[in-house]
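See structure below.
Throughout, read-outs are computed from the coordinates displayed, never taken from laboratory work. Bear in mind that the values here come from a model prediction, so they are computed numbers and not experimental data. Note: ideal-geometry Cβ built from the backbone for every residue, glycine included; neighbour counts use all protein chains shown.
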Amino acid sequence: MRVSRQLELLDRLIGADIDRPWSFAPASMRNPASAYTDADRFAREIKVLFRDRPQFVGLTGECRLPGAFIAQTLGGVPIAVVRQLDGSLHAMVNACRHRGAPLLEGSGQGGMRRIVCPYHGWTYDIDGKLLNQPGSAGGFDDLAANCDLHRRAVAEKHGLIFVHPTSNEPFDVDDVLCGAEDEIADYGLADYVHIETRVNSWKMNWKLFLDTFTEAYHIRWLHKNSIAPYFLPDLLFDAFGPHPRAIGLRKDVVDQFTRKPRDEWRLLPYSTAQYFLVPNGLLVYQLDHVEVWRVTPTDVGSCRISTSIFAPDAPATDKARNYWKHNLDLLLDVTGKEDFPLQEKVQANLASGALPEVVYGRIEPALVHLHASINAAVGESTF
Ligand code: FES
Ligand SMILES: [Fe+2]
């Protein structure tokens with residue numbers, strides 16, 4: 001984030017009482033509990049938000065070398081993204097054209113020369129072209145169909161990879177980011193190195209994952225014994241289209257206001273800058289590393305969440321590698337022991353039918369923005 005933007009955001013803090021929030025939504029909002037529990041609404045969200053628009057896949061550093069790949073389920077569609085020899089990316093439906101077996105699993109760091117089906121051995125080039133059908137003795141020769149893998153549109157920019165799970169129409173990453181690229185481009189994400197990814201499943205609606213990070217109002221209660229002593233109780237919120245950007249700040253950010261002239265103030269050294277990539281991603285920039293979160297809804301009341309950590313350089317020693325692993329441990333400790341277990345109980349309460357609605361206060365502007373834009377996308381009115 002350029003210095004002028006950092007100063008602009010710091011100006012918002014000047015004069016604020018750090019024990020009280022300083023940014024408000026224009027109005028509070030009520031959302032029916034069914035937004036989190038209704039199966040019909042969930043089906044509409046999957047179609048409109050997860051299948052009909054490009055989805056966040058990951059960072060360039062996860063798929064850098066020729067033959068590297070990422071296999072993911074996007075909007076229920078099995079997708080494989082593969083780095084080609086010329087440096088471009090291809091996205092393909094990760095299902096064999098013979099009888100639908102999955103071809104690639106997880107991720108690969110590079111060097112894959114062929115894609116071979118585990119079922120009957122059909123073999124594809126890494127661009128998805130069917131090369132041969134071993135042992136078939138010409139038994140498929142009379143098929144008129146082209147059996148190359150189905151292609152999907154993929155785009156890569158600013159170190160971010162997106163795929164459209166149901167279309168092959170080209171798209172531009174900047175159109176997906178709706179203006180967030182203006183800040184995201186400054187982080188040089190394409191150079192970041194993937195360290196580790198961990199995946200967990202939770203019995204909560206996918207939106208509760210986003211809700212977790214959309215306000216800092218809960219920090220002083222839910223995290224009173226972990227991170228509360230160090231962080232301000234609110235976030236610096238702005239929105240780019242549907243995507244909130246919410247910056248958490250360490251309390252000592254305000255010390256510089258009295259110690260230094262304005263042009264020496266900085267925001268980023270004190271920040272946890274969270275860029276929501278609605279619906280399925282969250283990018284978090286912290287001074288010495290980047291975290292990437294991805295959510296995959298599994299049904300209306302459950303989701304799978306992957307958490308990844310990226311470093312500016314490849315760790316050269318075990319000590320450096322352990323430093324990053326420890327960082328990921330700490331992160332998953334707070335979210336995995338404090339945030340998400342509570343969200344599972346919220347989900348159970350909402351599913352009980354005993355609570356007709358939840359409310360998002362003016363004090364939670366990113367939460368209001370997020371749900372108002374999700375409701376608008378799926379044709380629900382907002383109160
Ligand atoms: S399903 Fe892939 S070769 Fe048969
Ligand atoms: Fe939290």
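A few points about this structure:
- Radius 10 Å from Cβ of T307, net charge of other residues (Lys, Arg +1; Asp, Glu -1): 0
- Only DSSP H runs of four or more residues enter the estimate; each adds -39500 (n - 2.57), and after division by the residues of the chain the mean residue ellipticity at 222 nm equals -6500 deg cm²/dmol.
- Cys residues of the chain that find no other Cys beta carbon under 4.7 Å: C63, C147, C178, C303.
- Over 23 Å between alpha carbons, listed pairs K224/K345; K224/K337; K157/K251: K157/K251
- Cα long-axis angle, helix 365-377 against the chain (0 to 90 degrees, to the nearest 10): 40
- Between the stretch 350-383 and the stretch 52-85, the Cα center-to-center distance that results, in Å: 31
- In terms of its C-alpha gyration tensor, the chain comes out prolate, because a/c is 1.5 or above and the ratio a/b outweighs b/c.
- Each Lys or Arg adds one and each Asp or Glu subtracts one; over the other residues with Cβ under 13 Å from the Cβ of H90, this totals -1.
- Calculated from backbone phi, Karplus (6.51, -1.76, 1.60) coupling profile of the stretch 226-242 in Hz, x at Gly/Pro: 10, 9, 3, x, 9, 10, 5, x, 9, 10, 7, 10, 9, 10, 10, x, x
- Sequence-ordered 3J(HN,Hα) estimates for the stretch 207-212 from the Karplus curve with 6.51, -1.76 and 1.60 and θ = phi - 60° stand at 5, 5, 4, 5, 4, 3 Hz, glycine and proline given as x.
- With contacts taken as Cα pairs under 8 Å and at least 6 residues apart, the chain reaches a relative contact order of 23 percent.
- Highest to lowest packing among 260-266, 123-129, 202-208, 313-319, scored as the average C-beta count within 10 Å: 202-208, 123-129, 260-266, 313-319
- Each Lys or Arg adds one and each Asp or Glu subtracts one; over the other residues with Cβ under 14 Å from the Cβ of G111, this totals +4.
- Relative contact order for the stretch 80-157: 31 percent, from Cα pairs under 8 Å spaced at least 6 residues apart, divided by residue count.
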